[in-house]
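Before any comments, here is the structure.
The values are calculated or read from the model by the stated rules, or taken from the named source; none is laboratory data. Remember, it's a predicted structure, so these values are computed and weren't measured experimentally. All Cβ positions, even for glycine, are placed from backbone atoms using ideal geometry, and neighbour counts span all protein chains on display. Ligands, DNA and RNA are excluded from the accessible area calculation, which covers all protein heavy atoms including side chains. Shrake-Rupley method; radii C 1.70, N 1.55, O 1.52, S 1.80 Å.
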Amino acid sequence: MTSNVDRIVRGVDDILITAELASRPSRTPDYEAESRALGLLAEEMATNPRGVLQKCAELVIELCHADSAGISILEPGGTSGILRWHAAAGGFATNLHGTMPLEASPCGTVMERNAVLLFHEAERFFPALKGVEPRIYENLLTPWHVEGKAVGTLWAIKHTPEGRFNAEDARVLESLARLAAAAFQMTSALDEAKAERIQLEQRTKALHQAEARLKVLVSELQHRTQNLISVVRSMVDKTARVSSDLTEFRAQFRDRLDALSRVQGLLSRPNEYDEVPFDALIETELAAMGSGMDRVRLNGPKGVRLHFTTVQTLAMALHELATNAVKYGALAQPDGQLSVTWDLQGNDADDRRWLHIDWRESGVKMPPTGSKPSGGGQGRELIEKALPYQLGAITNFELGRDGVHCTIAVPI
């Protein structure tokens, strides 16, 4: 056959010569060789499922006397999809795993017509094939089916001008394509099942991890609950001891219970299950007092975190200081000022970090010398006795000439 390179090509049919397969001399079918090849394909499937496609391409080289062979399967991408070479043997073996746009390849025509097609010098219609080495003179393609749909092709190529495919080559190509495609589907199903099994195992491991985490959380919750009950019980006892009647008890207990509730609210914020920043604690407590915040100065580093076992007791002490300031101290008098400063320091003696808090009121008209000071009874007891006993804190409480000065050092 003479070259048709210079002939004008108006459509893909101008490069199709499938009809010539019926008129070309065809060899006698070698069923023994074909049976042996199919057996090799089945063995490959059993021992190396991922090698089935490549084995199929190699068998096409042998049975169809092709110069190159391969399998192209459609994948998402580009304008209408891309074809990936999942198998390649012979002269085109180096192009394994390469890709080509669907519209630039004869494969698209074969998939669209769902039939075996023979192309001659396909580069005349598909410019992307120009300059390809070794050059393609004839290529025989058959559809590659998955679940009854053509999604690719099995192809054979002749790289010399005298190379010819015949009807027997087309029959063998179709036979190999059917078996290899079935094997590919089974392999894909096994891969999907394996992937699902791995995902299930991972999910099972994550349920187990969640269960272990849940046990930890339940244990922490029980500990928090017991600690909270202890704080409430102590609060009831101390409030009852200093209350003159039931009305006073109710009022004071409700205020202290509200303070405790505010702490639980802080502990319930996202990512703060068992810790609270000190700046959030002091700001929340003073804001709850409802007045005088324009005369309050806060100064200290943000993000100094306190564990819930520390923060609950410390919050009650701050509540007592704030309540006393509102009723009798700096926030109860027009010229009063409140300064709360804090910082984080190390301690060379025990290699621990300590939170140092300085509560200083000024501008307070203190009662005459010798008279009973107003307020501060339970708060002072909590600061001077409970904090050192429960938290190992170092505290000092003074009623100065112009207001309360309290320092608290708490180990972190």
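A few comments on the model shown:
- Extension gain, Ala115 to Arg250: 0.36 nm times the residue separation minus the Cα-Cα distance gives 39.5 nm.
- Stretch gain in nm, segment Thr204-Met366, where the contour uses 0.36 nm per residue and the Cα spacing is subtracted: 51.6 nm
- With respect to the chain, whose longest principal axis is taken over its alpha-carbon atoms, helix 308-327 is tilted by about 50°.
- Across region 253-263, coupling constants 3J(HN,Hα) worked out from phi with the 6.51/-1.76/1.60 Karplus curve, θ = phi - 60°, read 5, 4, 4, 6, 5, 4, 4, 5, 5, 5, 5 Hz, and Gly and Pro carry x.
- Helix axis angle, 167-242 relative to the chain longest principal axis, alpha carbon, degrees: 0
- Euclidean distance of C-alpha centroids, region 15-89 and region 377-412, integer Å: 88
- Gln185 paired with Thr99, simple spin-label distance in nm, labels 7 Å along Cα-to-beta-carbon: 2.6
- Relative contact order for region 64-157, counting Cα pairs under 8 Å that sit 6 or more residues apart, in percent: 30
- Nearest-ten-degree value, helix 278-287 long axis tilted from longest Cα axis of the chain: 60
- Annotation: amide H of Ile357 within the under-5 Å range of Ile408, Ala409, Val410, sequence separation 5 or more or interchain, hydrogens built in the peptide plane.
- Here the chain exposes an accessible surface that is 53 percent carbon and sulfur, computed with a 1.4 Å probe and the other protein chains kept in place.
- Spacing of the modelled spin labels on Leu257 and Thr341, each 7 Å from Cα toward Cβ, amounts to 3.9 nm.
- In the chain, helices alone account for a calculated mean residue ellipticity at 222 nm of -14500 deg cm²/dmol, with every DSSP H run of four or more residues adding -39,500 (n - 2.57).
- Among beta bridges that DSSP assigns inside the chain, antiparallel share in %, nearest 5: 95
- Sorted on the mean count of surrounding Cβ atoms within 10 Å across their residues, most packed first, peptides 53-61, 249-257 read 53-61, 249-257.
- The modelled label-to-label distance between Glu381 and Ser219, using points 7 Å beyond Cα along the C-beta direction, is 3.7 nm.
- Annotation: extensible slack from Asp274 through Arg401 equals 41.8 nm (criterion: 0.36 nm per residue apart, minus Cα-Cα distance).
- Average Cα contact separation per residue, region 17-88, under 8 Å, 6 or more apart, as relative contact order %: 21
- Mean separation of Cα contacts under 8 Å, 6 or more apart, over the residue count of the chain: relative contact order %: 10
- Annotation: per residue accessible area for the chain equals 53 Å², rounded to a whole number [probe 1.4 Å, protein chains only].
- Among the listed values (1) 40, 28, 23; (2) 35, 24, 20; (3) 92, 24, 17, the one computed from these coordinates for semi-axes √(5λ) of the Cα gyration tensor in Å is (3).
- Residue pairs exceeding 25 angstrom between C-alpha atoms, taken from Lys302/Lys385; Lys215/Lys302; Lys302/Lys327; Lys55/Lys158; Lys238/Lys327: Lys302/Lys385; Lys215/Lys302; Lys302/Lys327.
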